[in-house]
4 protein chains.
Amino acid sequence: MRLKLGMVGGGQGAFIGGLHRIAARLDGQWELVAGALSSDPIRAVLSAHTLGIAAERSYASYAAMATAEAARADGIDAVAIVTPNHLHAPVATAFLHAGIPVICDKPMTRTAAEAEALAALVAETGVPFILTQTYTGYAMVREARALVARGAIGPVRHVQVEYLQDWLASPVEATGQKQALWRTDPAMSGDGGCIADIGTHALNLATFVSGLAPVAVLADLTAFGPGRRLDDNAAVMLRFDQGAKGMIWATQIAPGTKNALRLRIVGAAGGLSWDQEHPDDLSFTPLGEPTRLLRRGGETVLTPSRTPAGHPEGYLDAFATLYADAAQAVRAYRSRQAGDLPADLPGSAEGVSGMRFVAACVASSRKGGVWVDLDGQSCRAGAA
Amino acid sequence: MRLKLGMVGGGQGAFIGGLHRIAARLDGQWELVAGALSSDPIRAVLSAHTLGIAAERSYASYAAMATAEAARADGIDAVAIVTPNHLHAPVATAFLHAGIPVICDKPMTRTAAEAEALAALVAETGVPFILTQTYTGYAMVREARALVARGAIGPVRHVQVEYLQDWLASPVEATGQKQALWRTDPAMSGDGGCIADIGTHALNLATFVSGLAPVAVLADLTAFGPGRRLDDNAAVMLRFDQGAKGMIWATQIAPGTKNALRLRIVGAAGGLSWDQEHPDDLSFTPLGEPTRLLRRGGETVLTPSRTPAGHPEGYLDAFATLYADAAQAVRAYRSRQAGDLPADLPGSAEGVSGMRFVAACVASSRKGGVWVDLDGQSCRAGAA
Amino acid sequence: MRLKLGMVGGGQGAFIGGLHRIAARLDGQWELVAGALSSDPIRAVLSAHTLGIAAERSYASYAAMATAEAARADGIDAVAIVTPNHLHAPVATAFLHAGIPVICDKPMTRTAAEAEALAALVAETGVPFILTQTYTGYAMVREARALVARGAIGPVRHVQVEYLQDWLASPVEATGQKQALWRTDPAMSGDGGCIADIGTHALNLATFVSGLAPVAVLADLTAFGPGRRLDDNAAVMLRFDQGAKGMIWATQIAPGTKNALRLRIVGAAGGLSWDQEHPDDLSFTPLGEPTRLLRRGGETVLTPSRTPAGHPEGYLDAFATLYADAAQAVRAYRSRQAGDLPADLPGSAEGVSGMRFVAACVASSRKGGVWVDLDGQSCRAGAA
Amino acid sequence: MRLKLGMVGGGQGAFIGGLHRIAARLDGQWELVAGALSSDPIRAVLSAHTLGIAAERSYASYAAMATAEAARADGIDAVAIVTPNHLHAPVATAFLHAGIPVICDKPMTRTAAEAEALAALVAETGVPFILTQTYTGYAMVREARALVARGAIGPVRHVQVEYLQDWLASPVEATGQKQALWRTDPAMSGDGGCIADIGTHALNLATFVSGLAPVAVLADLTAFGPGRRLDDNAAVMLRFDQGAKGMIWATQIAPGTKNALRLRIVGAAGGLSWDQEHPDDLSFTPLGEPTRLLRRGGETVLTPSRTPAGHPEGYLDAFATLYADAAQAVRAYRSRQAGDLPADLPGSAEGVSGMRFVAACVASSRKGGVWVDLDGQSCRAGAA
C-alpha cells in the first residue's frame, strides 16, 4: 500500500516543494494527503485543492497539522518539510514529538546549535529523520561510495570538490528576484551564503563517497556581488581523519556554470571522478591501468536503478531514490522494527555535519582564513 | 482532477510497462485504475493487486476491458498499450472503436499495412492516438526542432543519425535471454530487427527535428550474430524532400555503446548536434560563428522543463513529458474540443512513417541495396 | 648524418609545402638543399633564397632538377612533391626514373589510371615512394592498428568514418579564395571534390586501422553550394573483404566542424573509437567490459612517440613521424637493403587504393547511387 | 639566416634537452652548433658527435664554452640551459656575463634568492633571458590572455588552476627511477617537490592569463608517498592584487591523470576555461549568454599559429613558439635594438615570481598552513 505523505510548505509559487512531490510520486509509494502548504491561508487552501488534498486535511499551521494527523487513524506516515530554512527546526520538532517521521529539505536548520538539538531529539524519539541531500541518490554516486568502501582505490589521500553556479554572477537580488533576495539576506539565511547553500552539498558528497569525516577547515569566503552581504564564492581547505586532505571550491558567480558539482577522489591505489551534470558516468582508474568509464547499468556496476544503461538517470530520479529509501525506513518504523536508516540515506548526522561545517567555515573566514576545528575553534596550525 | 489510465500488458516480469507507469505518475496527471496486464490470468490478477487496481477492473482480456470501461461512468480516460508489438494493432483497434484514447508504445504495429489501417481508423474515429516515441520528449530535442523551424540553421542539407547499442554483440539469444529471443525472431518481430527496434527511433528523431520527410531509402541490413535471423546492424542512406540527404547507422553490436543515439543536422546557415546520453546539451553553430553550447534551462533556451539548468533531465522526464502532452490531448478530447494532438506529440502519422521506413529498408536490402521509395518500390536511381 | 631533401612546389604563397618542411625538420633527419619551388621563376628564386637553398640548386623545372640532382655526388636523397595534384604523376615519374625516392603529398595523382601507372613504375624501379597520408602518423592511430592486428577486438564487422569540415559551407569560391577555387574546379581537381580531398583520408584511415580492403562502394555525392561543380558532401556505403560493412560521411559544409575526422571500428570482441581532433585518446572496449581510455604514452600503450602522456601530440608530430619513417626507408634504399617500406608507412598501394575509391564513388553516384566494385563497374546488388 | 644555438646539458640519456632541440628546429630559425652537453666528458663528446656539433665546439665545461663562444666571430647567438635545476644560476650567470642571451628551462633556479640575483644581472647587463614556461606558448593560452586583457570577461574575481599527474602515485623513487630520484631529493630539488615542479607552471599560467599578481598564499603541502621527503600534493589558496582570489591544486599522485593542467578564470562579465590536454579548445562564456567554444584557427580567434583549425597544435608546437619568440628577441638584441622581450615571452620576472611562490608556499605549509606574503612572511590574517 502507498504511504501517506503530508507536506509543510510548498504552496503555489514555491519551488522545491514541487520537486519533492514529483520525487514522492515517481515510484508510486507515496500519496500526498495532507498539508500546511503556506502561511498565507488563502494560498494554503487553493494549493491544497489543486493538489487534490481533502479540505479537512489542509491545515492553517504546521502545529495543528502535527496534532491532528497524529490523532487520526489514517494519519500521515511522514511529513515533508519544504519551508524556508529557519522553519525547519520548529516544524521538524513538532512532528518528531508527534511521532511522525520527517523528510526534511536541506540544510537541516539555520544554525549548528539547532541542528544538534534536533539530532538529539531524533535520537531520543527514535523517529526517522531523513535529510534530502539529493545528490546521494544518484546511482553512480552510490556506486562510487561502494567502490571506495570495498577498497577499490585504497586509502583516500585527497578529496577535491567543486560546485559552480552562475546565477548570482550579476546582482540579481537588486532586481527583487526572490530566490536571490533571501539567499543573500543574513536574517533569513544565517551567516553562510554560498557556503551554506551549495558548500554543504559539496561537503556531503565528499564525505558520503569517501567515508571520511572532516577534522579541520580553513575558509576564504568572499562576497563579490556589489553590496552583497553573504559570500558568493567560497574557497575551503579541509583536513579529514586518517590524514586525508581536501579542497572545496563553491561559487555562484562563475559565468557559464549551472550546477557543476564535481567530485574527485585520489586514493593510494586508484582514483575516481564524477560530475553531477553527466551523472551516469563514473571515471575509475586503478593505479597503473587505463581509466575505465563505468556507466550506470553497465558492465560491473552493481548499484540498481530504474532504467537501463544509456537511458539517462536525471535529477528527479536521484531525488525519487531518496523517497524510495525513505519509504523503506518509514515502513520499518511503522512495523516497529529496529531503526537505523538504510545505509545510503542521509539523516540527522549528516545534517549536523553540514551545519557545523558552515559554522566552522564562517568562523575561519572571519578570523582571516585560519584553521579551525569543526567546533569553529582555531586549532594549532598544522595540528589536524 | 487526475485522468484515469488503463493498461494492456505490463504485468509482472514485463519491462516497458513499468516505465510507462512511472512516466504517467511523474506529473500527477494520471491514475492507473484498470488493466489487462497479462495474458496469464494468475499473473494478471497478482499484478493488478500489486499495483492497487481494484479487482473488478482487472480484466482477463483487452476486449473485455475495452467494452467494460467504455460502459462505466467512471471509465478510463485512456489506455496504455505496452504489449509485444504484434498485439498493438488489435488492442488499439478495440479501444479506438470503444472511443477510448490510446497511448501506444512504439513501434505502432508489426507491419506497415496494419499501421496504415490503424491510422485510417484514428482519422475516422477522431479518437486521440499517441505513439510514445520517447526521445521527442526531451526538452533539447524540442528546442532543436524549434530552432530548425524558425530558420536558425537555414534550409536543411544533410541529416546524420547514429543509434548504437551493444547488447546483441554476443549471441545472447542462445542463452535464452527473453528480450533477445523475441527481437531476433521474425515470427514475433516482423522482418526488421535492429532497423525496426531502434532504426525507427533514428528516423523519427531525424524527421521530428528537421521537419523533413524521407522520399527514398537504401539499406544494407546485416545479421552479424552467428545464426541470427534478423539484422543487428543497419546502414541506411536517405533522400528527404526538398533535396536534403541523410544517413542512419543503427547497430546493436557495437561494444561499449549503450544507447548512443546522436543527431546532427547540417543546414545552409548553421548546424546542430545532440546526443541522447547527454540530453541537456545541444550544440548549435551559426555559420561563421563559434559553436554555442545551449543547455536546457539556460540562456536563450525557450522550451520549458521541470528542473533548472544543471539539474539533469533524464529519460523518465522525457517519457513523462509525452504523458503530460497526452493528458492535454485527452482533456481536449473529453471536452469535445477540436482535436489535433499537441504539435510536438507523435501520433499515428509518425507511426505509419516508421513502419513504412522499416518495410522500405527491408525491401531495399533484400534487393541487394538499391534505392526504394517509401512504398518499398525500387525507384529510378538518383531520381529522389 | 642528415639526409638531403629536395622539394618541388611549395614556394611563397603555397600552403602544404611549409608543413612538409616543418615535418622534415622536426626530428633533424632531413636538410632542404634543393628545389623547384615554383613555376614562376622569380618566385622560385626568392623562395629558395629565403629557405637557404644554394642558388645553383634552385631549379627552373622539376625535370632539370631530377637530372641535375641525380648527377651530383651530393645529390638529394629524396624529393618532396607538394605541387597541385595534376603534377604529382609527371613529377614523381621524373624522379623515380632518376632513381630518387619520392615523398608525395596526397592524393597520389589526378586519376586512378595515372596512379596505377605510377605504382607500376615504383614496382619496376624499386625506388621508394611514400605517400603522406598524414593521419596514419598519429601514435594512437598506429596503436589502434596494432590492437586490431593482434586481435584485441576480434574480426572486424563494421567500420564507420566521418570527416567533417565547414570551410565550403558558404560559396567561398565566389570570393576568389584560391584553395576553394581549385578544389571546386573539375579541370584542376578531377571528378571528385570532397570525396577526393578528404574522402580519401577517410578511406585510408579505415583500411589502415582495420586491415581490410574495400570490395564495393555505393556513393551519393552532392554539391550543395549554389553553382558548385564538384561534390561538397559525400555519403558512402562500403563492403569490405571478409564480410565487413562500412559507411563514410565526408562533408565540407557542416557548420562548426573544422577537421572532424573520426573512426569507429566494431569488432566481434571489442570496439575502438578515435577522433583526430583529440588524437592522444583512443577509446577501447573489450566486449563485456567497461570502456578504457587508452592514452598516448600511457599504461599499456606500446607505440612510441616524442613526448610523455599528457603532453599533446599535434598534427605536425604526426606529419614528422612520416618523415622519420621516410628517412628510415631512404637510408635502407641508399644502403642497398631490400626494400619494403616500414610497415606503417603509406606508399603507392595506398595511393592507388585511394584513387580507385574516388573513381568508384564518382561512378556510383553518377549512376544514381548503385553498388560498384573498385573498378567502378556496377556489381550485382548485394553480391559483395 | 639561422641563429646559432649552444646547449648546456641535454646529453645522451637526458630528457628535456631533446625537446628543446625539436622546439628550436621546428621553425628553422635555430641551428645547434655548440654544446657542453654533459659533465661526463665521454658522454659529452659522443652526444655532440651524434648531434652534428663540430668537435672543437663540444666543450668540457660551460665556463669554457661561454668564454670560447663569446670570443668567436661566429659565436653562438644564444645558449639553452637544460641542466638539473641547481646549475641554472651559475650557468646563466656565466653566459650573461659573456653577453650571450640565455634560454633557460624552468624553474629559473634552485632558490628564490638565486633567482633574484640572476634577475638583477639580467637587468644590469641587458642581455635577453628567456624562461621556457612552455604552456604560455599555446595559441589558445595567448588568446585567453588577450581576451582578459581586452576586457572580455571584465575584472577577474577568481582564478582556479589544477595540475594533476600520477607518476609519483606509487613510490617509484624506491625503484631507482632517475626523474623520481632527484625530484624527491631536497638536496637536488630544494624545498619544494610537486609545488616547485608543477605548481610553478600552475602559478605562471594563472598570472600569464589573468594579468594579476599574487600578494599572499596559504599552502598545505603533503608527502603522501611512504618515506617521501618532498611534497607530492599541494593545496594552495591565493589572494591576488585587485581583490581577486584563487586556488591551486597541484598533485603528482592522482591515478589516471597525466598532465592535466586546467585553468578557469571567473570574471565579473564572463568566464574562461582551458585544458592543456586539449589545448586547441577554449571555452568562453560572456555573462548571460551561452558558452562559446573558441577553437584555435577558428572564427573570431586572432592568435596566429602554424596549422589550420582542427589540425591539433601539440606540446612541441607550443614549445617551438617560445623558440620563435626567442629568435625575435635575440635578433633585436643582436641588432642593438632596445630590449624588452616580446610581450608574451616569459623572462626573469616570471622566473623570480615562480621561485618566490615556491618559497612562500613552503614557508606557509611549514608554519602549519597560514597566510604568508610573497616574501614568505606571515601576514595579518585576512589582510590581503
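The numbers here are math on the coordinates, done by the rules we state, and not lab data. Here the structure is a predicted model, which is why all the values come from computation and not from measurement. Ideal geometry is used to build each Cβ from the backbone, glycine not excepted, and the neighbour counts take in all protein chains shown.
Evaluate region A:122-227: find the radius of gyration of its Cα atoms, find its Kirkwood radius, and give the ratio Rg to Rh.
Using only Cα positions, Rg/Rh for region A:122-227 is 1.04.
How many partner chain Cβ atoms sit within 10 Å of a residue's Cβ in peptide D:72-85, on average, as a whole number?
That works out to 0 on average.
Give me the distance in nm between label points sitting 7 Å out from Cα along the Cα-to-Cβ direction at B:THR300 and C:ALA152, one decimal.
Rounded to a tenth, the inter-label distance reads 4.0 nm.
Once both labels are modelled 7 Å past Cα along the beta-carbon direction, what's the A:THR67-A:ALA349 spacing in nm?
Using points 7 Å along Cα→Cβ, the separation is 3.6 nm.
Translational D (Stokes-Einstein, µm²/s) of region D:294-379 at 20 °C and 1.002 mPa s when Rh comes from the Kirkwood sum over C-alpha pairs?
Translational diffusion coefficient: 131 µm²/s.
In region D:254-300, how does Rg compare with the Kirkwood Rh, expressed as the Rg/Rh ratio over alpha carbon atoms?
1.05
Relative contact order for chain C using alpha-carbon pairs under 8 Å, separation at least 6, rounded to a whole percent?
Relative contact order of chain C: 19 percent.
Could you pull the copy-to-copy label distances for C:ARG2, with points set 7 Å along Cα to Cβ, in nm to one decimal and sorted shortest first?
Once sorted, the set of distances for C:ARG2 reads 0.4, 8.2, 8.2 nm.
Trypsin sites (Lys or Arg not before Pro) within region B:302-384: which are DSSP loop residues with at most 12 other Cβ atoms inside 10 Å?
B:ARG336, B:ARG380
P(r) for region C:331-380: what percent of alpha-carbon pairs falls in each 10 Å bin, starting at zero?
Final binned percentages: 24, 31, 19, 16, 9, 0.
Given contacts defined as C-alpha pairs under 8 Å and at least six residues apart, what's the relative contact order of region A:250-371, whole-number percent?
10 percent
In degrees from 0 to 90, rounded to the nearest 10, what is the angle of the helix D:199-210 Cα long axis to the longest principal axis of chain D?
It is inclined by approximately 70 degrees.
Once fully extended, how much extra length lies between C:ALA113 and C:GLU31, figured as 0.36 nm per residue of separation less the alpha-carbon to alpha-carbon distance?
Here the answer is 26.2 nm.
Tell me, for the rotation carrying C onto A, which chain C residue has the beta-carbon closest to the axis and what that distance is in whole Å.
C:ARG292, 3
Mind listing the long-range amide H neighbours of D:CYS104? Cut-off is under 5 Å, sequence gap 5 or more, other chains count too, H placed in the peptide plane at 1.01 Å from N.
Here D:ILE81, D:ILE130, D:LEU131, D:THR132 satisfy the definition.
State the three equivalent ellipsoid semi-axes of chain A, derived from the C-alpha gyration tensor as the square roots of 5 times its eigenvalues, in descending order and whole Å.
Semi-axes, largest first: 33, 26, 20 Å.
Report, for B:ARG334, each distance to the same residue's label point in the other copies, shortest first and in nm; define the point 7 Å along Cα→Cβ.
Values, ascending and in nm: 2.8, 8.8, 8.8.
Write down the Kirkwood hydrodynamic radius of the protein assembly as shown, to one decimal in angstroms, obtained as one divided by the mean of 1/r over all alpha carbon pairs.
35.1 Å
Expressed as a fraction of 2.2 N^0.38 Å, the rule-of-thumb size for a compact globular protein of N residues, what is the C-alpha radius of gyration of region B:174-265?
Cα-based Rg divided by the globular estimate yields 1.15.
Where a Cα-Cα gap under 16 Å defines reach, which aspartates and glutamates qualify for D:LYS367, not counting those fewer than 8 residues away within the same chain?
Leaving aside aspartates and glutamates fewer than 8 places away in the same chain, those within reach of D:LYS367 are D:ASP191, D:ASP220, D:ASP231, D:ASP375.
Tell me, what are the semi-axes, in whole angstrom and largest first, of the equivalent ellipsoid of region C:253-349 as set by the roots of 5 times the Cα gyration tensor eigenvalues?
29, 18, 16
Cross-link partners among lysines for B:LYS258, C-alpha distance below 30 Å, same-chain residues fewer than 8 apart left out?
The reachable lysines, counting only those whose Cα sits under 30 Å from B:LYS258, are A:LYS258, B:LYS106, B:LYS178, B:LYS245, C:LYS245, C:LYS258, D:LYS258.
Could you pull the copy-to-copy label distances for D:ASP375, with points set 7 Å along Cα to Cβ, in nm to one decimal and sorted shortest first?
So the distances to the same position in the other copies read 3.8, 8.8, 9.3 nm.
With equal scatterers on the alpha carbons only and no solvent term, can you work out the Debye log10 of I(q)/I(0) for region A:3-127 at 0.10, 0.20, 0.21 1/Å?
Cα-only, vacuum Debye calculation for region A:3-127: -0.27, -1.11, -1.22.
Between region D:1-65 and region C:276-302, how many Å separate their Cα centres?
Here the two parts' Cα centres lie 36 Å apart.
Taking R0 as 56 Å, what's the FRET efficiency between B:ASP241 and A:GLU124 from their Cβ-Cβ distance, rounded to 0.05?
It comes out at approximately 0.20.
Is it possible to state the helix-based mean residue ellipticity at 222 nm for chain D, with each DSSP H run of 4+ residues giving -39500 (n - 2.57), the sum divided by total residues, to the nearest 500 deg cm²/dmol? What is it?
It lands at -10500 deg cm²/dmol.
In the protein assembly as shown, what percentage of the DSSP-assigned beta bridges are antiparallel, given to the nearest 5?
Of those bridges, close to 60 percent are antiparallel.
Normalising by the residue count of region B:1-145, find the relative contact order in percent from Cα pairs under 8 Å and 6+ residues apart.
Reported as a whole number, the value is 20 percent.
Indicate, rounded to the nearest 5 percent, the antiparallel portion of the DSSP beta bridges found entirely in chain C.
Percent antiparallel among DSSP bridges in chain C is about 60.
Taking beta carbons within 10 Å but only from partner chains, what does the mean come to for residues C:281-292?
6
Give me the compactness ratio for region A:59-188, meaning the Cα radius of gyration over 2.2 N^0.38 Å.
Scaled against compact globular proteins, the figure is 1.35.
Report the normalised scattering of region D:123-170 as log10 I(q)/I(0) at q = 0.14, 0.23 Å⁻¹, calculated by the Debye formula with identical scatterers on the alpha carbons.
Log10 I(q)/I(0), no solvent term: -0.66, -0.97.
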